[in-house]
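The values are calculated or read from the model by the stated rules, or taken from the named source; none is laboratory data. Fair warning: this is a prediction, and the values are worked out from it, not measured in the lab. Cβ: placed from backbone, ideal geometry, glycine included. Neighbour counts: every protein chain shown.
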Amino acid sequence: MIDVEHLTKSFGPLRVLDGVTFRVPRGEFVAVLGPSGAGKSTLLRCLNGLVAPSGGSIAVDGIVLDRRRLAAVRKRIGFIFQGVNVHGNLSVLRNVLVGRLAGKAPWDVVFSGEDRRVARAAIERVGLGAKVQARVSTLSGGQRQRVGIARALAHDPAVLLADEPISSLDPVTGREVLDLLREINRDRGVTVVCNLHDVRLATRVTDRVIGLRDGAIAFDGPADRLTPGDLARIYGDRLHERDLAEVSP
Ligand SMILES: Nc1ncnc2c1ncn2[C@@H]1O[C@H](COP(=O)(O)OP(=O)(O)OP(=O)(O)O)[C@@H](O)[C@H]1O
């Protein structure tokens with residue numbers, strides 16, 4: 001489903017991704033962990049074509065991502081941004097309809113009955129059916145992030161990429177939002193790659209952890225088998241006893 005080979009990315013002299021190789025099968029839920037600056041967001045942005053790689057290759061659903069095929073690959077991907085990236089002045093429905101824009105020409109931004117049906121179904125799916133017409137600025141942080149997820153779903157993606165989707169939420173709401181992504185992953189067979197800072201949630205909710213350190217893979221394996229030693233390889237000596245305890249039995 002996602003095939004990344006020898007991916008490198010440099011910003012000027014700074015090498016941010018350094019030969020990253022992994023393959024994600026259809027339907028897997030992958031957490032990408034790593035210290036700040038390890039290259040997690042850059043990796044996700046490369047997968048979505050928001051950042052052009054310096055080297056290596058990426059294929060999504062068998063389509064090699066390059067400039068010519070960017071639109072075709074993006075059609076298959078829903079992107080959930082870091083923090084909460086929604087338009088406060090617009091209704092929930094309008095925000096989610098934005099997810100139906102892909103592939104429409106600028107002179108053709110008229111939403112069809114089908115667009116509205118899909119958007120409403122996505123809003124129901126994330127539990128905001130009663131808020132379809134509410135202005136997003138009147139919603140809580142967790143509800144706003146659900147709007148972001150509904151927008152990504154309205155795109156009918158085969159892959160969901162989520163860049164720290166719970167970083168601005170309290171722990172309980174964050175868990176609920178991650179559980180929602182897990183349910184969507186299971187019900188629809190959507191492949192999910194999600195950057196996270198919460199090790200405990202990553203090990204409890206996802207199938208697999210890819211640990212990035214200094215732009216290279218420091219760990220890749222089943223989430224429920226992550227050991228304190230693996231965590232130390234990912235986070236180095238900045239890790240504390242408390243963090244290690246999170247994955248200890
Ligand atoms: N557009 C850019 N131009 C220059 N440097 C960049 C750019 N985007 C990212 N970087 C640098 O690349 C490195 C990796 O950034 P990235 O955001 O991918 O890390 P991250 O692991 O997602 O960090 P965090 O967990 O703090 O979000 C950082 O040193 C960052 O400053």
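Please tell me if ASP18 is within 16 Å of the ligand (Cβ to nearest atom), of a type in the set (Asp, Glu) and not in a helix (DSSP H, G or I). Taking the combined requirement at face value, the residue satisfies it. With respect to being under 30 Å from ARG117 (Cα atoms), at pLDDT 90 or above and either touching a helix residue (DSSP H, G or I) at 6+ places or on another chain (Cβ under 7 Å) or not polar (S, T, N, Q) (or both), ALA223 falls outside the description. Within region 130-166, if we keep just the residues that are in a loop (DSSP other than H, G, I, E, B) and small (Gly, Ala, Ser), the residue that is farthest from the chain's Cα centre (by Cα) turns out to be ALA134. For region 115-163, a residue qualifies if it is more than 22 Å from VAL73 (Cβ to Cβ) and of a type in the set (D, E, K, R), and the qualifying residues are ARG116, ARG117, ARG120, GLU124, ARG125, LYS131, ARG135, ARG144, ARG146. The residue list ARG188, ARG204 contains one member that is surrounded by fewer than 21 Cβ atoms within 10 Å (Cβ to Cβ), basic (Lys, Arg) and over 11 Å from ALA31 (Cβ atoms), which is ARG188. Of the residues making up region 55-70, none is modelled with pLDDT of 95 or more, surrounded by fewer than 19 Cβ atoms within 10 Å (Cβ to Cβ), within 16 Å of the ligand (Cβ to nearest atom) and outside any strand (DSSP E or B).
Of all residues in region 29-46, those that are in a loop (DSSP other than H, G, I, E, B) have Cβ atoms under 7 Å from Cβ atoms of residues that are near the ligand (Cβ under 7 Å from one of its atoms) and not aliphatic (A, V, I, L, M), 6 or more apart or on another chain, in GLY34/LYS40. The residues on offer are ARG94, ARG146, and the sole one that is crowded, with 22+ Cβ neighbours inside 10 Å, free of Cβ contacts under 8 Å to residues at least 40 places away in the same chain and away from the ligand (no atom under 16 Å from the Cβ) is ARG146. So which residues in region 22-38 are surrounded by fewer than 23 Cβ atoms within 10 Å (Cβ to Cβ) and within 12 Å of the ligand (Cβ to nearest atom), if there are any at all? Answer for region 22-38, where residues must be surrounded by fewer than 23 Cβ atoms within 10 Å (Cβ to Cβ) and within 12 Å of the ligand (Cβ to nearest atom): PRO35, SER36, GLY37. Just one of the listed residues (SER41, SER10) is more than 27 Å from LEU231 (Cβ to Cβ) and within 12 Å of the ligand (Cβ to nearest atom), and it is SER10. ILE2 passes all but one of (1) surrounded by fewer than 16 Cβ atoms within 10 Å (Cβ to Cβ); (2) touching a strand residue (DSSP E or B) at 6+ places or on another chain (Cβ under 8 Å); which number fails? Going through (1) surrounded by fewer than 16 Cβ atoms within 10 Å (Cβ to Cβ); (2) touching a strand residue (DSSP E or B) at 6+ places or on another chain (Cβ under 8 Å) one by one, ILE2 breaks only (1). Among the criteria (1) closer than 28 Å to PHE29 by Cα; (2) surrounded by 18 or more Cβ atoms within 10 Å (Cβ to Cβ), the one LYS131 does not fulfil is (1).
Taking the condition surrounded by fewer than 23 Cβ atoms within 10 Å (Cβ to Cβ), assigned to a loop (DSSP other than H, G, I, E, B) and aliphatic (A, V, I, L, M), does LEU169 pass? Full working, then the answer.
Details: surrounded by fewer than 23 Cβ atoms within 10 Å (Cβ to Cβ): yes; assigned to a loop (DSSP other than H, G, I, E, B): yes; aliphatic (A, V, I, L, M): yes.
Against the criterion (surrounded by fewer than 23 Cβ atoms within 10 Å (Cβ to Cβ), assigned to a loop (DSSP other than H, G, I, E, B) and aliphatic (A, V, I, L, M)), LEU169 qualifies.
Screening the candidates VAL192, VAL147, VAL177, VAL205 for the property of being under 27 Å from LEU90 (Cβ atoms) and touching a Phe, Trp or Tyr at 6+ places or on another chain (Cβ under 8 Å) yields one hit, VAL192.
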